[in-house]
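Student: One structure, as structure tokens, below. Some questions next.
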Amino acid sequence: MKNIYKNSLQNLNKAKKILNKNDIIAVPTETVYGLAGNAYSNVSIKKIYKLKKRPKKNPLIIHYHNLNNLKNDACFNKEFLKLYKRLSPGPITYILKKKKQSKISPLATGNLKTIAVRFPNNNIIKKLLKNLNYPLSIPSANISTNVSPVKAEDVKDEFGKKIKFILDGGRSKIGLESTVINLFGKLKILRPGAISSNEISKILKKRISLAKKFKKINSPGLMKKHYSPGIPIKLNCKVPERNAAFIVFGKSYKKGKDIFNLSKNGNLNEAAKNLYKTLRNIKNLKYKKINIIKIPNYGLGVAINDRIKKASN
Ligand code: TXA
Ligand code: MG
């Protein structure tokens, strides 16, 4: 069955038609691929949760084209406007207070008082959002707890025929999900991503910490098992065990049958981009276990370590 569609005006129009009927499609973003549905429609949101087998308590990120579209749904504050100006569109999600008159489906926000919002920076999804008169709920396009998809074929790998329309945007530029920052109440990073806490601190001129535990909200990014290829993962390995796929980083590792180098040049951005692709590849090669060397914990290394730690649970 053909379900992967190229970026063209005709296909964007098709996508719009499907979304208008409250059906679900898969879309590219600069971080990872997502499942998109009309955020104002309970019908659409129910379909997303069902497809992903996602716990209903886990709220979705609402994606907008610009601030104008958001003003009826969320309360703005100073921090948000400062960050928005510098970082959006881009790989950052803001948790804001939801407005009472908001038309966002309460199912999408897990009945919380808050709403997660993001302005994605990818031409295809930007064009699509611009042409719709509602925002889109877009969780990553994987079954709950699995590895996120970073190309159109990965979405097919996850859902088979269940997703009839996948917009093809090539490989995701970043390869890891957006940074999630709480801006309502305590300033905190709930999920590390391509935008580092350092960068945010500089813009806000405030120290900002990474949430260890965010008690009230059941964030899947904070759920114990997540981003998992479904086989055991061991971290901080110096030498590999027998028959394990060995994930390494940097130029001191030679090519070898079971060796998967995230970045020969030791570049953490490249490593982030290759992480999910590598995990999916190893799983499809039918390895029974994965060993990973210690990954430096700065820049995008913080987000990589967050994901592999959860994947190893
Ligand atoms: O990069 C991304 O953010 C991707 C692309 C497709 O945009 N989307 C994504 O969505 O990663 P998802 O559903 O896989 O992850 C959403 C994260 C979860 O950790 C969820 O708990 C958190 O955002 N979240 C959503 N609403 C929240 C809220 N009101 N308060 C706290 N966390 C929230
Ligand atoms: Mg996800």
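The values are calculated or read from the model by the stated rules, or taken from the named source; none is laboratory data. Please read all numbers here as calculations on a predicted model, not as lab measurements. Glycine also receives a Cβ, built like all others from the backbone with ideal geometry; neighbour counts cover every protein chain displayed. Side chains included, ligands, DNA and RNA excluded: accessible areas come from the protein's heavy atoms. Shrake-Rupley method; radii C 1.70, N 1.55, O 1.52, S 1.80 Å.
Student: Do we have any residue at all in the stretch 142-158 that's open to solvent by 60 Å² or more (accessible area, probe 1.4 Å) and in contact with a Pro (Cβ under 8 Å, 6 or more places away or on another chain)? Can you show your working first?
Tutor: Let us first name the residues in the stretch 142-158 that are open to solvent by 60 Å² or more (accessible area, probe 1.4 Å), namely 151, 153, 156-157.
Add one more test, that the residue is in contact with a Pro (Cβ under 8 Å, 6 or more places away or on another chain), and what stays is 157.
Within the stretch 142-158 (the criterion being open to solvent by 60 Å² or more (accessible area, probe 1.4 Å) and in contact with a Pro (Cβ under 8 Å, 6 or more places away or on another chain)), the answer is yes, since at least one residue qualifies.
Student: Can you tell me which residues in the stretch 130-141 are more than 12 Å from ligand 2 (Cβ to nearest atom), open to solvent by 10 Å² or more (accessible area, probe 1.4 Å) and not in a loop (DSSP other than H, G, I, E, B)?
Tutor: Lys130
Student: Say we look at the stretch 100-125 and pick out the residues that are open to solvent by 60 Å² or more (accessible area, probe 1.4 Å) and under 15 Å from Asn69 (Cα atoms); which of these is nearest to the chain's Cα centre (by Cα)?
Tutor: Lys103
Student: Tally time: how many residues in the stretch 122-148 are closer than 24 Å to Asn20 by Cβ and either touching a Gly at 6+ places or on another chain (Cβ under 9 Å) or within 11 Å of ligand 1 (Cβ to nearest atom) (or both)? First the steps, then the outcome.
Tutor: Keep residues of the stretch 122-148 that are closer than 24 Å to Asn20 by Cβ, which gives 122-141.
If we keep only those that are either touching a Gly at 6+ places or on another chain (Cβ under 9 Å) or within 11 Å of ligand 1 (Cβ to nearest atom) (or both) too, we end up with 122-125, 136-141.
Matching residues across the stretch 122-148 total 10.
Student: How many residues does the stretch 175-193 hold that are within 15 Å of ligand 2 (Cβ to nearest atom) and not polar (S, T, N, Q)?
Tutor: Let us first name the residues in the stretch 175-193 that are within 15 Å of ligand 2 (Cβ to nearest atom), namely 175-180, 190-193.
Add one more test, that the residue is not polar (S, T, N, Q), and what stays is 175-177, 180, 190-193.
The total comes to 8.
Student: Among all residue pairs at least 6 apart or on different chains, which show Cβ distances below 6 Å where the first residue, located in the stretch 293-313, is open to solvent by 40 Å² or more (accessible area, probe 1.4 Å) and the second is assigned to a helix (DSSP H, G or I)?
Tutor: The qualifying pairs are Asn297/Asn305; Gly299/Leu268.
Student: Would you point out which residue out of Gly34, Gly90, Gly110 is touching an Asp or Glu at 6+ places or on another chain (Cβ under 9 Å) and closer than 25 Å to Leu183 by Cβ?
Tutor: Being touching an Asp or Glu at 6+ places or on another chain (Cβ under 9 Å) and closer than 25 Å to Leu183 by Cβ holds for just one of Gly34, Gly90, Gly110, which is Gly90.
Student: Which residue, of Asn3, Asn22, Asn58, Asn38, is touching a helix residue (DSSP H, G or I) at 6+ places or on another chain (Cβ under 7 Å), free of Cβ contacts under 8 Å to residues at least 60 places away in the same chain and open to solvent by less than 60 Å² (accessible area, probe 1.4 Å)? Even if it seems obvious, please write down each step before you answer.
Tutor: Working: Asn3 fails: free of Cβ contacts under 8 Å to residues at least 60 places away in the same chain; Asn58 fails: free of Cβ contacts under 8 Å to residues at least 60 places away in the same chain; Asn38 fails: free of Cβ contacts under 8 Å to residues at least 60 places away in the same chain.
On inspection, the qualifying residue turns out to be Asn22.
Student: Which of the residues spanning the stretch 72-87 are surrounded by fewer than 19 Cβ atoms within 10 Å (Cβ to Cβ) and in contact with a strand residue (DSSP E or B) (Cβ under 8 Å, 6 or more places away or on another chain)?
Tutor: Cys75, Phe76, Asn77
Student: Enumerate the strands (runs of 3 or more DSSP E) found wholly within the stretch 1-74, keeping only those where 3 or more residues are over 16 Å from Ser102 (Cα atoms). Break it down into steps so the answer makes sense when it comes.
Tutor: Details: elements: 25-27, 34-38, 61-63.
By residue number, 25-27, 34-38.
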